[in-house]
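The values are calculated or read from the model by the stated rules, or taken from the named source; none is laboratory data. It should be emphasised that the depicted structure is a prediction, and the values quoted were computed from it without experimental measurement. Quick reminder, even Gly has a Cβ in these numbers, built from the backbone with ideal geometry, and neighbours come from all protein chains shown.
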Amino acid sequence: MVSITTGNSLLKEALEDMRSGALLLIVGWFLVGIAVAGGPFTILRVITRGARGVGGILVTGFEVLLMLILVLLGVIIMFIGFFWKFISGTQKLAQADKRFRTASQLVGLYRWGLVLALISIILAVTIVGLIIAIPLAIVTLILFLLGSIGLIILSFNLNEVYKNILYLVAGILFIIGIFIPILNAISFILLYVALGDTMEKLSTTPTPNPTLV
């Protein structure tokens, strides 16, 4: 049994980790978005500068390199934000309040999905490995789908406990995001704002006793 004081402290730490993870995801998406948005212009410059000699090629090459760096940096930040900070936050949240246990377990499946995805990519290099990689990829998709369901349940649970409609909207967008993934970015923006509001309320008002494990 976790004490009330420890449970409340863990709860605030969980919300802070989740909010930090959401922020890193937003920053990562922003960097990748800049690179992707600049892609067509870079291609156009490749075409127009192709006939300008070595100088034009070097400038364009630098732009392409910069774009790739932005994408790589953005992806790394997103991985850290989600797989380290956000998921860890949901696990702490489940420890502080057992009402979030199911959602946390499902969201945690994203980590196993990532492991299987990396294994599938490595195995796909060879023909024999490709045969093994295909079923692993299918399992990976299933784990990611279950993880998405976990995010939906988590958002609805947060709305039920902390009464912020932004959680509800985020959960709805996570549902649609299964089919239109770009909407997940908006969901995490809403979570970031809602979590900040919840943390502020917890710091200025007496914290309700969480359901402890």
Do we find that Lys98 is touching a residue at least 12 places away in the same chain (Cβ under 8 Å), over 28 Å from Ile134 (Cα atoms), surrounded by fewer than 16 Cβ atoms within 10 Å (Cβ to Cβ) and of a type in the set (Lys, Arg) in this structure? yes
Residue list for segment 5-38, restricted to those being free of Cβ contacts under 8 Å to residues at least 40 places away in the same chain and among the hydroxyl-bearing types (Ser, Thr, Tyr): Thr5, Thr6, Ser9
Tell me whether segment 69-90 contains one or more residues that are in contact with a Phe, Trp or Tyr (Cβ under 8 Å, 6 or more places away or on another chain) and surrounded by fewer than 18 Cβ atoms within 10 Å (Cβ to Cβ). yes
Can you tell me which residue among Leu31, Leu106, Leu70 is at pLDDT 95 or above, among the hydrophobic types (A, V, I, L, M, F, W, C) and under 30 Å from Gly196 (Cβ atoms)? Leu106
Failed condition for Ile149, given (1) at pLDDT below 95; (2) closer than 20 Å to Gly89 by Cβ: (1)
Are any of the residues in segment 87-94 of a type in the set (A, V, I, L, M) and over 15 Å from the mean Cα position of the chain (by Cα)? yes
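Every residue, every condition in (1) on the phi > 0 side of the Ramachandran plot; (2) modelled with pLDDT under 95, yes or no:
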position	(1), (2)
Val27	no, no
Gly39	no, yes
Ile43	no, yes
Gly53	yes, yes
Gly56	no, yes
Glu63	no, yes
Ile87	no, no
Gln91	no, no
